[in-house]
Amino acid sequence: QVQLIESGGGLVQAGDSLRLSCAASGRTFSSYSMGWFRQAPGKERAFVAASSMSGGVTYYADSGRFTISRDNAKNTVYLQMNNLKPEDTAVYYCAASTRRTMLTAAVNYDYWGQGTQVTVSS
């Protein structure tokens with residue numbers, strides 16, 4: 001069992017940056033691939049980024065503005081978001097998966113956090 005708690009969301013202006021954090025409970029954090037997803041009002045949950053168990057391999061829905069990283073010693077995964085745009089407004093969720101592949105699909109994740117709201121004003 002893994003419990004995930006996101007933090008770092010908030011209200012920012014277009015062009016600003018935010019770093020989201022996701023702290024995981026348990027002593028087996030490095031046994032999970034980690035992902036970030038987001039869900040905007042009226043839309044389905046969408047893949048943002050994922051990291052392999054070691055952090056050596058990362059995946060992104062779009063390149064350039066977002067960076068996922070993890071610190072296995074701190075049981076924490078991060079999402080650095082730069083040059084935020086109003087269309088990035090959503091609830092952001094972190095998730096943990098026992099899989100090593102197919103990490104862009106939400107169905108492949110076993111545990112989810114409660115989400116953190118990110119609102120970007122124009």
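Taken together, the values in this text are just the output of simple stated rules run on the coordinates, not laboratory data. Here the structure is a predicted model, which is why all the values come from computation and not from measurement. All Cβ positions, even for glycine, are placed from backbone atoms using ideal geometry, and neighbour counts span all protein chains on display.
Once both labels are positioned 7 Å from their Cα atoms along Cα-to-Cβ, the gap between V107 and Y59 label points is 1.4 nm.
Within the range 24-58, find all residues whose amide N lies under 17 Å from a label point positioned 7 Å from the Cα of Q1 along Cα-to-beta-carbon. Zone members listed by number: 24-29. Of the residues S51, S31, S21, the one that moves most in a GNM of the chain with alpha-carbon contacts below 10 Å is S31. The stretch between Q13 and T119 holds 37.3 nm of extra length on full extension. This uses 0.36 nm per residue minus the Cα-Cα distance.
The stretch between T28 and R100 holds 24.4 nm of extra length on full extension. This uses 0.36 nm per residue minus the Cα-Cα distance.
Would you tally the net charge around A106, using a Cβ to Cβ cut-off of less than 15 Å, leaving A106 out, and scoring K and R as +1, D and E as -1?
So the environment of A106 carries a net charge of +2.
Across all Cα atoms of the chain, the radius of gyration (one decimal) and Dmax (whole number) stand at 13.3, 41 Å.
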